[in-house]
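Just so it is clear, none of the values below were taken in a lab; they were calculated from the coordinates. This structure is a prediction, so every number in the text was calculated from the model and none was measured. Cβ coordinates were reconstructed from backbone atoms using ideal geometry, including for glycine residues, and neighbour counts include every protein chain displayed.
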Amino acid sequence: MNFIPVTTYLRLEGGAALGLSIAAYVHLGGPGWPWLLVLAPDLSFVAYRFGPRTGALAYNLSHTYLLTALLGLLGLLLASPALQFAALIWTAHIGWDRLWGYGLKQATAFQDTHLGRLGRPKTSQTGTGVNA
C-alpha cells in the first residue's frame with residue numbers, strides 16, 4: 001500500500017472546509033453579493049513590502065481558521081447573520097487556498113509554506129530535473 005503524503009490530507013481538508021462553508025452559506029440563505037469580498041484576505045500580500053517576516057505574519061493572521069472560527073462564534077453569540085456569513089466566506093477562501101497548496105507562510109519567503117514550497121523545483125544546469 002502506498003503512503004499518502006500528509007500534505008494531501010491537509011489539501012483535502014481545505015477542500016472540505018471550502019465545500020462545507022459554501023453549503024452552510026447556501027443553507028442559511030446568505031445573499032450573493034458578499035462573495036465579492038472573497039479575495040479580501042489576500043490584501044495581506046501588501047505586507048510583504050515590509051519584508052518576509054511581516055508579510056508572513058499578516059498573511060497567516062488572515063489565513064488561519066482560528067480567526068474565522070472566532071468570528072463565526074461571535075456571529076452566533078450576537079445572533080448576527082452578517083458576521084456568520086463573513087466567517088463562512090472567509091473560511092471558504094482559506095479552504096480554497098489550502099486545496100490548491102497555499103498554506104500558512106514561513107518567515108523565510110512567500111513560497112515557503114506549511115504545505116511545502118510553492119512553484120516548480122529548480123532543475124540542475126544539466127537539465128536532469130534533479131533539484132539543485
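Just check segment 1-80 against the gyration tensor rule for me: Cα atoms, a ≥ b ≥ c as the square roots of the eigenvalues, rounded for a/c under 1.5, and otherwise prolate or oblate depending on whether a/b exceeds b/c. The shape class here is oblate. Listed by Cβ neighbour count within 10 Å, with the fewest neighbours leading, ILE22, ILE4 appear as ILE4, ILE22. Spacing of the modelled spin labels on LEU36 and PHE50, each 7 Å from Cα toward Cβ, amounts to 2.9 nm. Label point 7 Å out from HIS114 along Cα-to-Cβ: which residues of segment 75-98 have amide N under 20 Å? Label zone hits: 87-98.
Here HIS27, HIS93, HIS114 are placed in order of increasing Cβ neighbour count within 10 Å, fewest first, which gives HIS27, HIS114, HIS93.
Please give the contour-minus-distance gain from ALA79 to TRP100: 0.36 nm per residue of separation, less the Cα-Cα distance, rounded to one decimal in nm.
Taking 0.36 nm per residue and subtracting the Cα distance, the gain is 4.3 nm.
Annotation: extensible slack from LEU28 through LEU10 equals 3.8 nm (criterion: 0.36 nm per residue apart, minus Cα-Cα distance).
Excluding ILE4 itself, what net charge comes from residues whose Cβ is under 14 Å from its Cβ, given Lys and Arg +1 and Asp and Glu -1? After counting each charged neighbour, the total is 0. Near the amide H of THR113, within less than 5 Å, lie the amide hydrogens of GLN106, LEU118, all on another chain or at least 5 residues away, with H placed in the peptide plane.
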